[in-house]
Structures are given as structure tokens and as C-alpha cells.
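K.L.:
Sharing a structure below in C-alpha cells format, with a few things to ask.
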Amino acid sequence: MTVDIDLDRTAARVAELRQKLEYHNYLYYVKDDPEISDAEYDRLLRELLELERLHPELASPDSPTQRVGAEPLDRFAKVPHRAPMLSLANAFNEEELRSFDRRVRKLLEIDRVSYVTELKIDGVAIALTYEGGSLIRGATRGNGVVGEDVTANLRTVKTIPLRLANADDIGTVEIRGEVYLPVSVFSKLNEERADKGLALFANPRNAAAGAIRQLDPKITASRPLAFFGYMIGYIEGRKVDTQEHTLQMLQELGVPVNKTYRHHESIDGVLEFCRSWEKKRESLDYEIDGVVVKIDDLDYQQTLGVVSRDPRWAIAYKFPGQVATTRLRQIGINVGRTGSMNPYAELEPVRLGGVTIELATLHNQDDVRRKDIRVGDMVIVKRAGDVIPQVVGPVLEQRTGNERVFEYPSHCPSCGHAVVHEEGEAMAYCVNRDCPAQIFESLNHFISRGGMDIRGLGPSTIAKMLELKMIRDAADLYELTAEQIATLPGFKDKSIKNLLSSIEASKDRPFESVLLALGVRHMGEGVVALLSDHFHDMESLTSASEEDIAGIHGIGSEIAHSVHSFFSDSRNRRLVERLEQHGLRMKRARAKPKTGPLAGSTFIITGKLEAMSRSEAEKWIEERGGAVLPSVSKKLKYLIVGVDPGTKLARARKIGVTELTEKQLFALVDE
């Protein structure tokens, strides 16, 4: 029984990590507005990778460990890549690099491997397709399999050749690389935005990503982006045999290449290259966060192939986070939409990674106390390409005795209500439902792109509407009139019409978006997907017991309690009723019935197959109408058993699942 409890706890943690990573993938790759640092994301991903390694029965084809990035934006045409645009596994120290070297040499059964090292530009990965030497398409990485067609925007990047040189013998070629914004340009751009009273860009990468995803190419052209090519994804008519040869050929074709790359006969040269650039990174006019290490021989790359989401033949050596020391002027409190009391640091301005830092996160109350961070302290601030820097801790030897311990407020700074800090919770909460800060943040969450996606509304407009008592909750947005909106600053006939149209259009957002927009504590995209899969409509969800919700695989007791408590509240139920009356979707759209010889059948694969990789087999099954389940359950019809099967085999046999070989799987289609 203990094993089952432990496995249930592990399954709940795996589900929680997947939910968090998918959410942060969406913020980073789609919204270009990340909330956590690269280091924190890497930590979460590493934990999930380790749990899935230890418990292969919990592995799932839709896990963030099996995919790259997030889904492309709907506003651009979707472009399938000829070959997946993979991400890289990370090494964080020299021993991990040496371990990578030992691993590839063992797999290749050779004593020495040659490598090519390239600086890891902190920009936006793109794929450029040329036919007959002319640029015909430019696409973002998207989810690694399907990207966004941003050709018109990329044509405005002056360093991207519209026509290749010396390409008479080449048919179609796909060139991959990185679009970035030079640091000097970024600084000037932010100065201009500050003069105009516009919001500043967080870092060069976000400014570049935002420019590429503009619907108007003129806006893209206004930001002098640059491009480095680093790889050929596909080529007709010419052969390349090494990565060094690839980079040389790209230059011959007129494609800009970062010329800092080097060839090394062993891992020792790689390590020296990494040490050197870690010291010199600030001398560059573009941001880097590490070094990409690739096996030079492309035949060896092909032999090693890909495991999970990462190529076996390359790795990214990530530089340690950049740090600086400055004085902590004050600790402030932000009140979140769920009432969470979020501490933040107000700092004496300090330059860090090419950006001036004045604010940094302190995570939560327990973190401040554990690290003994005091107002007036000299503190260490860390940033590793982070959008939000973090305070690592105080410099104790520089204390003067004038520093003061921060007293966490016993009452909400927004509404004055008593604060509650429950046992086991890292965060304290304001539990006043009428707290102005919570109402403001809840409404901003409701209108966000991940929620109801109401264009034309922003934080300043929401704040003004609340101030004028035009709205009190989300349902009030659907009762706004043109006359009311006309009283707001900056709204004229056209903008009034656009806003009303956007509010009306939001009624067509899917049920999942409505659920997410409600802002239930602990209910992110992953939980929303699980709930909508199980309950299908709002009526079933709101009438479900806490036990019903907790019984869904992947949802733990804490999440179940939060969801049940939200929908048990009469005020929340009334809000949902009003939203339904205004025409928002309260039922999940019916999926088109799957067709094909495997329709109606469910599968899981365990062990190594002969003809296909696991991911290829799962895709093959789904293309023929079958469904691949994330774990063994009574819903499972077939277990496909390959070489060296995992623990799923024993679990499936316990409940009498039909076992098939790979050949028997193919026979199902041939029948």
C-alpha cells in the first residue's frame, strides 16, 4: 500500500511539473513574457526528467520532456518543418560536459571525437527555406514540429539574404539560425520608449521575438534585427559531411555566421573555449547564455540520433547565472489575483547582463526569513538571461548594524484586511474577496490572451474602469455600453467599436479558455485540460464533489480542494451563471470522431521497437485513428511490447490488457 501511495504522490508531482512547464513554455515561446528565469525552468525540467526516468510508467507522449517549445500562434499560418527543430540538453559544469563526451564515445565505440563549439546566442530560432536560391519561407520554431510563417517579417531583416550566392547546384535548402537584437540597439530602443512613456522591453530576446511576431512588417523593420545561421536542416543537390563544413558553406552562400566558432580534436579544447567565453561574454554586442557543443561528423550525428526531446550529438553548456551586488532599499508587497502576498526587492540601480536592474523577486515570506534578508543589506542579485532577476541572499560581511528585519505585514496593503498564513503554505494570503488589488489582478487575468483574449483592454483601462465603478467583476465587461467606454481617456469612435467587437468575439472562446480565465487557485492550463477532458461542461464540474475531482489522474488533493471550494462558493457560482447568460461557452466542443482502422482502440508502448522509434509509432497509431494513453488504466486496450519492456508490462498484465508485438500492431491495420 505504501508503494501505491508513494507512486500517487509521484504522479501528482509529475502532473504538477508538467502543468508548470507547459504554462512557462507558453509564456516564453508564445507570449514572449516569461515569469521565471532560465535556471528555474531548467531546474523544473530536470526534476521532471528524473521522475520520468525513475518511473517510466508515468511517462507520457504529451510531457514537456517530449516536446520543444509551445504551440504556434493562431494568427500566423502554420508551417510543418521538414525535420523537427530540436532543443538541446544542458550541461551546467565541466564534469557534465566530460560525461557527455564519455557517453558519445561509448555509444560510437571510438576513443576520440572531434567537436565544433558555437556561442549560444540568446535570440529566436528560425528556419529559412530557399528554392532555386530565393527565399520562399521563413518560420519560427513553434512547437518544434510546426512553426509560424513569418516570411514577410523576416524579409525585413537586412542580414538575412533574400537570394543565396553560389547556389546554382542547390535545389531546396532549409537554413536554420538565430534572429537577435544587438545590445546597443536594445539600449537605444528602450531609451526611445522611455521618452515616449511606453513600457520597456525586458531584454533583447523579448524585443526580437516581439518584432518577429508583429502582424505589420513595418514594425519589424523598425527594429534593426540581425541574424546568424548555424545549421542546415535539409538540402538537395549538395552534400555536407561535417558541422565545420556546414558553417563554411553557409558563408559561401552569403549567410552570416558567427565566426567565433572553433573546431576541437577533443573535449579539452571544448572546455577551454567555454572558460574563455564565460569571461569575455560582456565584450559582445549580443547576449549569449552559453556555448553549443556539437559532434563535428554529421554521419556520427545521424548514428547517435535523438533521445526524448534532445539530440544525442549536441549539448548546451550553460554559463552560471550573472551576479551583481547592490543595496536593498526596501521590500514591497504585491497582492496577486488569488490574494497571495508576493514580496519584491527595490534595489539601488545596478547594471547586470547589459540591463539596469532596480527590482528583483524575493519569492515568498519563508524565503526572506530563511535567507535572513534585511532592508538596507548589500545583496547578491542573480540574472541568467532572466526577465525577473532574483535576490540570492545578503552579503553578511558588509552589514553595518543599521539593517532592519523586514516585518511581513499582518494586514493587506491594498484593503487592510487581516492576512492569513496557513501551516505548510510558503505564501501568506489576503482572504478578502473585495480586495481591490485582487479584483484588479483577476480582471487582468480574465482578459489575457490565455483567457478570454479581449484585445483593446489593458491594465490601465481596467484600473480606470474600476475607479469609475463601471465594472466590479468579469461579467460586467459584457454589459459595457459605448456611452460608458466613451468616458474613458483615449477612447474614440473607432477604438470604442473595436473594444466592443473584441468583447463580443471573446464569447466564442472555447470552454477551456473560460475555465482558465476564472483564475481558480492552482488551476493552470494543465489542470484545465484534465478537468475539461473529464467533465466536458461547467454544470458537471460545479456539481462534482471534491472526491470526484481528486479521483482524476494527475490532480492531487490540494488542487481538488481549491477547485471544489471555488465552485462551492455562491458568489463564484453566480459569476459563472452571469457569464453563461452573456453567451460564454460552458461546454467543451465535441471533438470530431476519429476515423481509421484503429479508431476506438487505445494503446501504450513499452520497450524498444524495431521498425520505428516510440514517438514515430505513437504518431503512426494516431494517424490511423487510435489513441495513445499517458498511463496504464482500465481504458487501455492494447499494450505494444518491444525489447526490454518497462514496468508498464507488469501493471498491464495485472488488469488483463491484450499484449501485441510490433508486427501484430501492423497486422491490425492490414486486417
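Computed from the coordinates by the stated procedures, all read-outs in this text should not be read as laboratory data. No experiment lies behind these values; they were computed from the predicted model shown. Because the Cβ atoms are built from the backbone with ideal geometry, glycine has one as well, and the counts that use them run over all protein chains shown.
K.L.:
Using the alpha carbon gyration tensor of the stretch 386-514, what are the three equivalent-ellipsoid semi-axes (square root of 5 times each eigenvalue), largest first, in whole Å? Don't skip to the end; give the middle numbers.
P.N.:
Values: eigenvalues 291, 60, 55 Å².
In descending order, the three semi-axes are 38, 17, 17 Å.
K.L.:
Given R₀ = 45 Å, FRET efficiency for Asp42-Ala77 by Cβ-Cβ distance, to 0.05?
P.N.:
Working: r = 32 Å, r/R0 = 0.71.
Once rounded, the FRET efficiency stands at 0.90.
K.L.:
Can you give the extra length, in nm with one decimal, that the chain gains between Ala667 and Lys654 once fully stretched, where that is 0.36 nm per residue apart less the Cα-Cα distance?
P.N.:
Values: separation 13, 0.36 × 13 = 4.68 nm, distance 2.51 nm.
Here the segment from Ala667 to Lys654 would lengthen by 2.2 nm.
K.L.:
Place the peptides 390-399, 40-49 in order of packing, highest mean first, counting for every residue the other Cβ atoms within 10 Å and averaging per peptide. Walk me through the numbers on the way to the answer.
P.N.:
Numbers: 390-399: 15.2, 40-49: 17.2.
Packing order, densest peptide first, comes out as 40-49, 390-399.
K.L.:
So if each residue of separation counts as 0.36 nm, and I subtract the Cα-Cα distance between Gln248 and Glu423, what length gain in nm does that give?
P.N.:
The span from Gln248 to Glu423 would gain 56.9 nm if fully extended.
K.L.:
How much net charge surrounds Val291 when only other residues with a Cβ under 15 Å from its Cβ are counted (Lys, Arg +1; Asp, Glu -1)? Show your work: numbers first, answer last.
P.N.:
Details: positive: Arg98, Lys120, Lys259, Arg262, Arg275, Lys279, Lys280, Arg281, Lys294, Lys318; negative: Asp38, Glu94, Glu96, Asp101, Glu118, Asp122, Glu178, Asp268, Glu272, Glu278, Glu287, Asp289, Asp296.
It works out to a net charge of -3.
K.L.:
Okay, next question. Given a Förster distance of 35 angstrom, what is the FRET efficiency for Thr159 paired with Glu558, based on the Cβ-Cβ distance and rounded to 0.05? It would help to have the intermediate numbers written out before the result.
P.N.:
On the way: r = 50 Å, r/R0 = 1.43.
In this case the efficiency is close to 0.10.
K.L.:
Something else now. Would you mind getting me the FRET efficiency between Thr172 and Asp453? Use the beta-carbon distance for r and R0 = 41 Å, nearest 0.05.
P.N.:
Working: r = 36 Å, r/R0 = 0.89.
The calculated FRET efficiency here is 0.65.
K.L.:
Please give the charge dipole size of the chain, origin at the Cα centre, charges +1 on K and R Cβ atoms and -1 on D and E Cβ atoms. Round to the nearest 20 debye.
P.N.:
Working: 90 positive and 100 negative charges, 194 e Å.
Magnitude of the dipole: close to 940 debye.
K.L.:
Just list whichever of Lys259/Lys294; Lys188/Lys382; Lys294/Lys619; Lys464/Lys492; Lys259/Lys280; Lys608/Lys654 have alpha carbons separated by over 19 Å in the model shown.
P.N.:
Working: Lys259/Lys294 16 Å; Lys188/Lys382 24 Å; Lys294/Lys619 28 Å; Lys464/Lys492 16 Å; Lys259/Lys280 15 Å; Lys608/Lys654 21 Å.
In this structure, Lys188/Lys382; Lys294/Lys619; Lys608/Lys654 exceed 19 Å between Cα atoms.
K.L.:
For the pair Arg13/Ile380, report the inter-label distance in nm, with labels modelled 7 Å from Cα in the Cβ direction.
P.N.:
2.6
K.L.:
Would you please state which residues of the stretch 395-414 a label at Arg327 would reach in this model, taking the label point 7 Å out along Cα→Cβ and a backbone N cut-off of under 20 Å?
P.N.:
Residues passing the 20 Å test: 395-407.
K.L.:
Compare the Cα positions of Ala360, His564, Ile219 along the charge dipole of the chain (+1 at Cβ of Lys, Arg; -1 at Cβ of Asp, Glu; about the Cα centre) and return the one farthest towards the positive end.
P.N.:
Ile219
K.L.:
If you don't mind, another one. How many nm separate the modelled label positions at Gln484 and Ser276, each set 7 Å beyond the Cα in the direction of the Cβ?
P.N.:
Taking the simple label geometry, Gln484 and Ser276 are separated by 6.5 nm.
K.L.:
Viscosity 0.890 mPa s, temperature 25 °C: give me the Stokes-Einstein translational D for the stretch 514-654 in µm²/s, with Rh taken as the Kirkwood radius over C-alpha pairs. All intermediate terms of the calculation are to be shown ahead of the outcome.
P.N.:
Numbers: Rh = 17.5 Å.
Diffusion coefficient, whole number: 140 µm²/s.
K.L.:
What nm distance separates the two modelled labels at Asp299 and Asn342, each placed 7 Å from Cα along Cα→Cβ?
P.N.:
Those two pseudo-labels are separated by 5.4 nm.
K.L.:
For n ≥ 4 DSSP H runs only, could you compute -39500 (n - 2.57) per run for the chain, divide by its residues and tell me the 222 nm figure to the nearest 500?
P.N.:
Numbers: 24 runs with 241 residues, N = 671.
Counting only the DSSP helices, I get -10500 deg cm²/dmol.
K.L.:
In whole Å, what are the extents of the stretch 80-318 along the principal axes defined by its C-alpha atoms, from largest to smallest?
P.N.:
59, 42, 31
K.L.:
Under 15 Å Cα-Cα from Lys587, which aspartates and glutamates qualify once same-chain neighbours fewer than 8 residues away are excluded?
P.N.:
Partners found: Asp508, Glu512, Asp533, Asp537, Glu539, Glu577.
K.L.:
How big is D, in µm² s⁻¹, for the stretch 322-430 by Stokes-Einstein at 37 °C and 0.692 mPa s if Rh is the Kirkwood radius over C-alpha pairs? The partial results should precede the final answer.
P.N.:
On the way: Rh = 14.4 Å.
Rounded to a whole number, D works out at 227 µm²/s.
K.L.:
Take the alpha carbon gyration tensor of the chain, find the square roots of its eigenvalues, order them as a ≥ b ≥ c, and report rounded if a/c is under 1.5; if not, report prolate when a/b exceeds b/c, else oblate. Spell out each step's value before the answer.
P.N.:
Values: a/c = 1.41, a/b = 1.15, b/c = 1.23.
It is rounded, given that a/c, with a ≥ b ≥ c, falls under 1.5.
K.L.:
Please list, short to long, the whole-number percent of alpha-carbon pairs of the stretch 436-581 in consecutive 5 angstrom bins beginning at zero.
P.N.:
That works out to 2, 9, 19, 21, 18, 13, 8, 6, 3, 1, 0, in percent per bin.
K.L.:
Could you work out how much longer the chain between Ser184 and Ala599 gets when fully extended? Use 0.36 nm per residue separation minus the Cα distance between them, nm to one decimal. The partial results should precede the final answer.
P.N.:
Working: separation 415, 0.36 × 415 = 149.40 nm, distance 5.62 nm.
Gain in length upon complete extension: 143.8 nm.
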